[in-house]
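Notes for the one structure printed next.
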Amino acid sequence: MNILIIGASAAGISAAETLRKLDKNCNITILTKENCNRPYSKSLLAYLFSNRIDLNKIYFKPKNFFEKYNLTYFNNEEVIEIDRKNKFIKTKNNKKLNYDKLLLATGSKSFIPEINNISLNNIFTFNEYQNYQDIKKNLNNAKNIVVLGAGFVGLEIAYALNNLGFDVSIVEKCSQILPNQMDNTGSYFIQKELENKGIKFFLNQSIIEIEGSKNISNVILSDKTRLKSNMLIICSGVIPNKEIAKNADLETKKGLVVDEYLTTSDNNIYGAGDIIELYDITTKSSNCSGSWANAVIQGQYAAYNILGYKKRYKNFIAVQNSIQFYNVAATSNGKVHIDLSDDQSNYEVLSIKEKNYYKKIVLRDNKIIGFILINKINQAGLLSALIKLQLDISEYKEKLLYDDFTYSYFIDEKFEQYNAYAEIPDCWKYNEWYLERKFCAGI
Amino acid sequence: MKKLFINLERCFGCKRCELACIIEHSEEKNYAYYLLNQKEPKTRIFVENYLNRPIPLVCHHCKDALCISACISGCMQKDEKTDIVRNDNSEQKCVGCWMCILNCPFNVIDREMKNDELQAIKCDFCANREIPACVEACPNEVISVIDINE
């Protein structure tokens, strides 16, 4: 069987690895449009600026990965056409490849807003290795750097450049930083920490004009503030690379539409990673995820389904993030904002706030659907698992905010009645662990 | 495939396993010196409390571990021979993004300052010892190493 994977990042590579573990004989080919000999981790690019890691550490698989798993890898091959009828793809370099099963893991690209003069020099996006090289090359001439967008990527690059001693300002159109991941209180912890270290924030603002003749010199914000800037980095979100799927008449909305088996409207084409949109159990709406962990797990599930194992991917949560900026560690998962349009009577918020510590848990119908943890983040994993489980936790409600609310609460006979092994994170249901539970709790 | 097994009924919560774990993973190999260097003690085995019952939580070195899937740098890896999940034994490097902490349902991963950089720490089955320190330290034979064959 010829299996073709388009995209060599989290989803594509984890799918290839899983496919090879399951089937020793199939032909697996990976194509990427990027110019890199080995797959690298996009999430690590910001760490390169501050020398937290060396250049050779951005590769997330060992050197001999492709040989070891017997994979064919082509870089610099942008796929421009999928012929679903005759089952082949065509690349920009006129390469034609046949497939029996095709996995689209093309990821996402930076969203570029429409602003006058956006095509001037020294304006960059930050999504690929190429962007990193461009920014690095031009850093010598830069002094004042403006970052548009206080999302996850924007903050990471601002943090890294601020560490290098640049004058960094962040422009965000929402009234808080990290609008998707944090609530007001939580984002304030992070904002304050970054402000203390010298990053300037301009909230409730957007850039309405860019000044400069050849290179960028100033940006003008919506309240007519003029910010001096030698470099502008645009981090105002990502959009899925779905054009190729759209041109092939596959169903797309926000992203590529897939079912629970990660199959698109064509039975031989699958999707995984940032490109797909799925039903999010916490917000009850379809959404694309930008999370590395989600992409890897979707890649694994897609691999199972490509080989016909019919593995259902469910309990998807789009937003999950964890960060460490200077002394503040923060994690969030699921739905943390309650909108006015939601039925308020179903929702409950438990929270605790101290000087250096914040914890917020959002419940809907006695089930956890989201949380924020600042500085004491050890419980994050358990709470994430409880979101995925959609377990009724009314019994534990008063204990939820305790520091010692850990997995130990669930090594208990009572846990059995939830039929926990039916729909839980994979690593909770392996035989060894079940044996161990039997051994431990006498069930 | 080796696993740590817990015999809950025998545990009375002395936390000697935690102490042994801290000492084993410290440079000083001595608790008093360790505290003198003013470090926050970081253990990789956690004796938790549930309804006044002590419950030791250990890393399960899961088969399809979520911490491995979540790791953005690829440093969290499963050893092919021993099936031990570790993040400090690979060509990649932990950058302290805490995605493993966010995904581990057993909450047995913690953060520690290593060479001025925060990194994730977890049970490594005591790489330099034949029998893990916690197993040796337990006075009541609560923790034991059992070989599971699939």
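Read-outs throughout are calculated quantities, based only on the coordinates presented, and are distinct from any laboratory measurement. Given the structure is predicted, the values throughout are model-derived calculations rather than measurements. Here Cβ is always computed from backbone atoms with ideal geometry, including for glycine, and neighbour counts include all displayed protein chains.
DSSP assigns beta bridges within region A:221-299; of those with both partners inside it, close to 75 percent run antiparallel.
Of the beta bridges in region A:137-291, as assigned by DSSP with both residues counted there, near 50 percent are antiparallel.
Once the mean of 1/r is taken over each pair of separate Cα atoms and inverted, region A:1-45 shows a Kirkwood hydrodynamic radius of 11.2 Å.
In nm, to one decimal, how far is the modelled label at A:LYS143 from the one at A:ARG226, with both set 7 Å along Cα→Cβ? Taking the simple label geometry, A:LYS143 and A:ARG226 are separated by 1.6 nm.
Check which residues have an amide H placed less than 5 Å from A:SER108's amide H, if you skip close sequence neighbours. Distant-sequence amide H within range of A:SER108: A:ASN241. Ellipsoid semi-axes for region A:283-324, based on the Cα gyration tensor and the rule √(5λ), read 22, 13, 7 Å when sorted largest first.
Just checking the listed ones, B:CYS100, B:CYS75, B:CYS67: in the Gaussian network model of chain B with Cα springs under 10 Å, the one fluctuating most is B:CYS75. Cβ-Cβ distance of A:ASP100 and B:GLU136, R₀ of 51 Å, FRET efficiency by 1/(1 + (r/R0)^6): the value works out to about 0.40.
If R0 is 51 Å, the Cβ-Cβ spacing of A:ASN267 and B:LEU36 corresponds to a FRET efficiency of close to 0.20.
Taken over chain B, the ratio of Cα radius of gyration to 2.2 N^0.38 Å equals 1.03.
Summarised as an ellipsoid, region A:139-285 has semi-axes of 36, 19, 14 Å, derived from the eigenvalues of the Cα gyration tensor scaled by 5 and square-rooted, with the largest first.
When both bridge partners sit in region A:1-114, DSSP labels roughly 40% of those beta bridges antiparallel. Taking every C-alpha pair closer than 8 Å and separated by at least 6 residues, the mean separation divided by the residue count of region A:220-308 gives a relative contact order of 21 percent. Backbone phi angles across region B:33-38, fed through the Karplus curve with coefficients 6.51, -1.76 and 1.60 (θ = phi - 60°), yield HN-Hα couplings of 4, 4, 5, 4, 6, 6 Hz in residue order; Gly and Pro are listed as x. Across the protein assembly as shown, the fraction of Cα-Cα pairs farther apart than 44 Å, rounded to a whole number, is 19%.
Using the Karplus relation 6.51 cos²θ - 1.76 cosθ + 1.60 with θ = phi - 60°, the per-residue 3J(HN,Hα) values for region A:228-236 come to 6, 7, 8, 8, 10, 10, 9, 10, 9 Hz, with x marking Gly and Pro.
Students often forget the sequence filter, so: which lysines lie under 16 Å Cα-Cα from B:LYS39 once same-chain residues fewer than 8 apart are removed? List returned: B:LYS29, B:LYS114. Applying Stokes-Einstein at 25 °C and 0.890 mPa s to the Kirkwood radius of region A:335-399, computed over alpha-carbon pairs, gives a translational diffusion coefficient of 199 µm² s⁻¹. For region A:1-155, take every pair of Cα atoms, bin their distances at 5 Å starting from 0, and report each bin as a whole percent. Bin by bin from 0 Å, the calculated values are 2, 8, 15, 18, 16, 14, 11, 8, 5, 2, 1.
Near B:ASN37: Cβ cut-off under 10 Å, other residues only, Lys/Arg at +1 and Asp/Glu at -1. The net charge is -1. The mean sequence separation of alpha-carbon pairs under 8 Å and at least six residues apart, normalised by the residue count of region A:163-223, gives a relative contact order of 35 percent. Compute the relative contact order of chain A as a whole-number percentage, counting only Cα pairs closer than 8 Å that sit 6 or more residues apart in sequence. After rounding, I find 13 percent. When only the Cβ of Lys, Arg, Asp and Glu is charged (+1, +1, -1, -1), the dipole of region A:1-96 relative to its Cα centre reaches about 140 debye. FRET efficiency for the A:LEU164 to A:ASN121 pair, using the beta carbon distance and R₀ = 22 Å, is estimated at 0.60.
By the Stokes-Einstein formula, at 0.692 mPa s and 37 °C, region B:84-150 with its Kirkwood radius over alpha-carbon pairs has D equal to 234 µm²/s. Computed from the alpha carbon positions, the gyration tensor of region A:298-357 leads to an equivalent ellipsoid with semi-axes of 33, 21, 8 Å, biggest first. D by Stokes-Einstein for region A:199-331, Kirkwood Rh over Cα pairs, 25 °C, 0.890 mPa s: 138 µm²/s.
Assuming a ≥ b ≥ c are the square roots of the Cα gyration tensor eigenvalues, decide whether region A:1-89 counts as rounded (a/c under 1.5), prolate (otherwise, with a/b larger than b/c) or oblate. Oblate shape, in that a/c is at least 1.5 and b/c is the bigger or equal ratio. Indicate the gyration tensor shape class of region A:258-298 (rounded, prolate or oblate), computed on the Cα atoms with a ≥ b ≥ c the square roots of the eigenvalues: a/c under 1.5 is rounded; otherwise a/b larger than b/c is prolate and the rest oblate. Oblate is the answer for region A:258-298, as a/c is 1.5 or above yet b/c matches or exceeds a/b. With 22 Å as the limit, write out which pairs from A:LYS21/B:LYS78; A:LYS61/A:LYS376; A:LYS399/B:LYS78; A:LYS388/B:LYS81; A:LYS96/A:LYS246 have Cα-Cα distances beyond it, or answer none. Cα-Cα > 22 Å for A:LYS61/A:LYS376; A:LYS399/B:LYS78; A:LYS388/B:LYS81; rest within.
For A:LYS87, the aspartates and glutamates whose Cα comes closer than 12 Å to its Cα, not counting residues fewer than 8 places off in the same chain, are A:ASP100, A:ASP266.
Here's the list of lysines a cross-link from A:LYS136 could span, going by alpha-carbon distance under 21 Å and ignoring same-chain residues fewer than 8 apart: A:LYS42, A:LYS57, A:LYS109, A:LYS214, A:LYS228. Amide H to amide H distances under 5 Å link A:TYR270 with A:LEU102, A:LEU103, A:LEU104, A:THR264, where only residues 5 or more positions off or on other chains count and H is placed in the peptide plane.
Taking a point 7 Å out from the Cα of A:ASN2 in the direction of its Cβ, the residues of region A:54-89 whose backbone N falls within less than 13 Å of it are A:83-89.
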